[in-house]
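The values are calculated or read from the model by the stated rules, or taken from the named source; none is laboratory data. Keep in mind it's a predicted model, so treat the numbers as computed, not measured. Glycine also receives a Cβ, built like all others from the backbone with ideal geometry; neighbour counts cover every protein chain displayed.
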Amino acid sequence: MYDINREKTGTFIAILRKKKGMTQKELAAKLYVSDKAVSKWETGQSAPDVSLLIPLAEILGVTVTELLSGEMSEKEQAVPAEDVEKLVKQTISLSTETDKVKFDRKILMWYMTSFIIGVCGLVLIRRNIFANYTPSLSVPFLLSAVFAAYFCFFTKEKLSSFYDSNRVTVFYDGPFRMNLPGVSFNNKNWLPIVRTFRTGLMIIMAAGPYLTLTSLFLLDFISQLTGITPAPLMSFAVSLPFLASYLLLVYCVWKISKKYE
C-alpha cells in the first residue's frame, strides 16, 4: 500500500487546483466524486483512493509520484522520472487489487459457444444475398465479443471500500472507464452489474447476426411486395438489432443498480 502525508498532499492538491482555475466542485465533477470528498482531501481529513490517483494526477498536470509526495520533483534524479512514474503506477495498480480475477471454465465454455454461434451467423450472412453487409455487421459483433471478454475474464467482482463510503459514478480499470447516468457503483450492485453485462453481451454476440439477418430478410420481402428498394433502410437494419440490444442491456443494468442502492 502507499503511505502519504495527507496534509501535505491535500495542500498540494488545493494549490494545483487553484492554478488550473477550478473549484472543488469542478474537480469533483471530473473525477465523478462529491465536492465534499475533494474538500476532505485538501484539508487532510482523508486521502484520494488509489483508483483515483492516476486520473487526479492527469487532471492536475503532475505525475503520480509528485502527487504522492505533495511537491514537484527535482529536475535531476538518480533514477529517471519516467522509471519512477512507471514504478509508482505499477504499485498503485497492485494496491487496488481488491479481488483476484477468478478463472471459470463454465464462463469460458459459454463465451466460446456464444462466439462460435455468432461467427456462424456471420458466415450465413456472407453466403447469402446480403454478403455485402457482412463487413458492416462485423464491427458491432467484434465490439460485443471484446466487451463480453472483458466482463467474463478480466473484471474483478469486488470493488475497493472507497466505492462504499463515497458516491462514485464512474468505474476506472486501466484504460477502461464506465459511467452510467444516475448510477453509482458499490459492492452491493457491482457483482449483479458485472453478471448482467456478462450474460447480456454474450447473448448479443450470439443472437445479433441472426436478428440482423431476420430484419434484412423482412425488408427484402417488403421490397419484393411493394417493388420499392429500401436501400437506406437495409443499411440501417444491419446495426439496428445490435443498437437496440445495447440500449436494452444498459437499461437492465440501470434498473439492477437502482434495486441494490
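What to note about this one:
- Positions within segment 48-59 being within 15 Å of A14 (Cα to Cα) and surrounded by 20 or more Cβ atoms within 10 Å (Cβ to Cβ), in sequence order: P48, L53, L56, A57
- Where a residue in segment 241-261 is farther than 29 Å from S138 by Cα and its partner, wherever it lies, is among the polar types (S, T, N, Q) and not in a loop (DSSP other than H, G, I, E, B), with Cβ under 6 Å and at least six apart: I256/T196
- Some residue of segment 37-52 being in contact (Cβ under 8 Å) with a residue 12 or more places away in the chain, of a type in the set (V, I, T), more than 26 Å from D173 (Cβ to Cβ) and not in a helix (DSSP H, G or I): yes
- Considering Q24, Q90, the condition of being outside the structural domain of A207 (by TED's automatic domain parsing), touching a Ser or Thr at 6+ places or on another chain (Cβ under 9 Å) and either modelled with pLDDT of 85 or more or closer than 27 Å to L191 by Cα (or both) is satisfied by Q24 alone.
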